[in-house]
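What follows is one structure encoded as structure tokens, with my remarks underneath.
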Amino acid sequence: MINYEMFARIYDSVMDDSLYQKWTDFSLRHLPSAKDKKKLLELACGTGLQSIYFVEAGFDVTGLDLSAEMLDIAKKRRDSKNLDITFIKGDMRDLSQLPKFNMVTCYSDSICYLQDEVDVGDVFKEVYNILEHDGVFIFDVHSTFQTDQVFPGYSYHENAEDFAFLWDTYADEAPHSVVHELTFFVKDKTGDFKRFDEIHEERTYEILTYDILLEQAGFKNVEVYADFEDKKPEETSKRWFFVARK
């Protein structure tokens, strides 16, 4: 059985730590003020690092993720810092059991892991339904330039004393889609290395498609930015940010 504390360290090691502050800074520029302890739902919260940044910025945070193992790690992080964060296991395609929120975020291109446009549209509708009036929904996705030009052929390998990590990415069949092949070698308590393999499939769409799906969900005011900055997307932008208001 994999040591999920070790897995979290590997998972977090491949993430650029500075991204969490960038997501936080972008959010603070586009979300309502946190001074009134506004309620924020973080979709696909993973190991809870972004949730902690949001709480430290003053928000009343609930984190939702599909992985019970990731949430176990998130809860340990929360408890170690003695923070008040609610973590819930759930599927963002069905948020009907949740209360209302002033804002919802979904970062780290988590929308790109949804199977197709139908799922993306379903998530947008679920988010719209749980937002308070004037609520804000922010998410980021890979640009089509990222999936079509940057990712295919990407390779990242990391070696440490107690783990090794291999990440290779290939173009997939559907338009603007890629497959990430991840291989972990993790040292167990006996000193032996165990291998774990994961396949991650991601897909993005044209900006117009996201705009249409957001409009169909009910959002009336949608702004699009690129690469963590308040600038419009360009041909070579790698990450798109959508700010949708109810």
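How much net charge surrounds Arg78 when only the other residues with a Cβ under 14 Å from the Cβ of Arg78 are counted, with Lys and Arg +1 and Asp and Glu -1?
Its environment carries a net charge of -3.
Given springs between every Cα pair under 10 Å in a Gaussian network model of the chain, which of Tyr210, Tyr107, Tyr154 has the largest fluctuation?
Tyr154
Please report the carbon-and-sulfur percent of the accessible area for the stretch 77-171; probe 1.4 Å, protein heavy atoms only, DNA, RNA and ligands left out. Present the calculation step by step, with values, prior to reporting the outcome.
Values: 2010 of 4630 Å².
On the stretch 77-171, the fraction of accessible area on carbon and sulfur atoms equals 43 percent.
Can you tell me how the stretch 165-246 classifies by the Cα gyration tensor, rounded, prolate or oblate, using a/c under 1.5 as the rounded cut?
Values: a/c = 2.69, a/b = 2.48, b/c = 1.08.
It comes out prolate by the Cα gyration axes.
Past 23 Å, Cα to Cα: identify those pairs from Lys100/Lys246; Lys76/Lys238; Lys38/Lys89, in the order given.
Details: Lys100/Lys246 13 Å; Lys76/Lys238 33 Å; Lys38/Lys89 21 Å.
Too far apart for the 23 Å limit: Lys76/Lys238.
Got a number for carbon plus sulfur as a percent of the stretch 195-246's accessible area, 1.4 Å probe?
The value for the stretch 195-246 is 45 percent carbon and sulfur by accessible area.
With springs only between Cα atoms under 10 Å, which of Ser108, Ser67, Ser80 fluctuates most in a Gaussian network model of the chain?
Ranking Ser108, Ser67, Ser80 by mean-square fluctuation puts Ser80 first.
Classify the stretch 27-160 as rounded, prolate or oblate, taking a ≥ b ≥ c as the square roots of the eigenvalues of its Cα gyration tensor: rounded when a/c is under 1.5, otherwise prolate if a/b is larger than b/c and oblate if not.
Oblate is the answer for the stretch 27-160, as a/c is 1.5 or above yet b/c matches or exceeds a/b.
Kindly provide the GluC sites (Glu not before Pro) of the stretch 127-189 that DSSP labels as loop, not H, G, I, E or B, and whose Cβ sees at most 14 other Cβ atoms within 10 Å.
Glu161, Glu173
Which value, in Å², gives the accessible area per residue of the stretch 111-246 when a 1.4 Å probe is used on the protein heavy atoms? Working shown, then result.
Details: 7120 Å² over 136 residues.
That works out to 52 Å² for each residue.
In the full protein assembly as shown, how much of Phe139 is accessible to a 1.4 Å probe, in Å² to the nearest 10?
0 Å²
Along the stretch 198-215, what does the Karplus equation 6.51 cos²θ - 1.76 cosθ + 1.60 (θ = phi - 60°) give for ³J(HN,Hα), rounded to whole Hz, x for Gly and Pro?
After applying 6.51 cos²θ - 1.76 cosθ + 1.60, I find 9, 10, 10, 10, 10, 9, 10, 9, 5, 4, 4, 5, 4, 4, 5, 5, 5, 5 Hz.
For every other residue with a beta carbon closer than 11 angstrom to the beta carbon of Asp25, add +1 if it is Lys or Arg and -1 if Asp or Glu, then tell me the sum. Mind dumping the intermediate values first?
On the way: positive: Lys22, Arg29; negative: Glu229, Asp230.
Computed value for this residue: 0.
At a probe size of 1.4 Å, how large is the accessible area of Val179, to the nearest 10 Å²?
Solvent-accessible area, nearest 10 Å²: 20 Å².
Heavy atoms only, probe 1.4 angstrom, no DNA, RNA or ligands counted: give me Leu83, Leu208, Leu40 ranked by accessible area, highest first.
The most accessible residue leads, giving Leu208, Leu83, Leu40.
What ranking of His133, His157 comes out by heavy-atom accessible area, probe 1.4 Å, highest first?
Heavy-atom accessible area, descending, gives His133, His157.
Would you mind classifying the chain by shape? Square roots of the alpha carbon gyration tensor eigenvalues, ordered a ≥ b ≥ c; an a/c under 1.5 is rounded, otherwise it is prolate if a/b is larger than b/c and oblate if not.
Judged from the Cα gyration tensor, the chain comes out oblate (a/c at least 1.5, b/c at or above a/b).
Can you sort Lys232, Lys246, Lys194 by solvent-accessible area, 1.4 Å probe, largest first?
The most accessible residue leads, giving Lys232, Lys194, Lys246.
The values are calculated or read from the model by the stated rules, or taken from the named source; none is laboratory data. Remember, it's a predicted structure, so these values are computed and weren't measured experimentally. Counting neighbours? That spans all protein chains shown, and the Cβs are built from the backbone with ideal geometry, glycine included. Heads up: the accessible areas ignore ligands, DNA and RNA and are worked out on the full protein's heavy atoms, side chains in. Shrake-Rupley method; radii C 1.70, N 1.55, O 1.52, S 1.80 Å.
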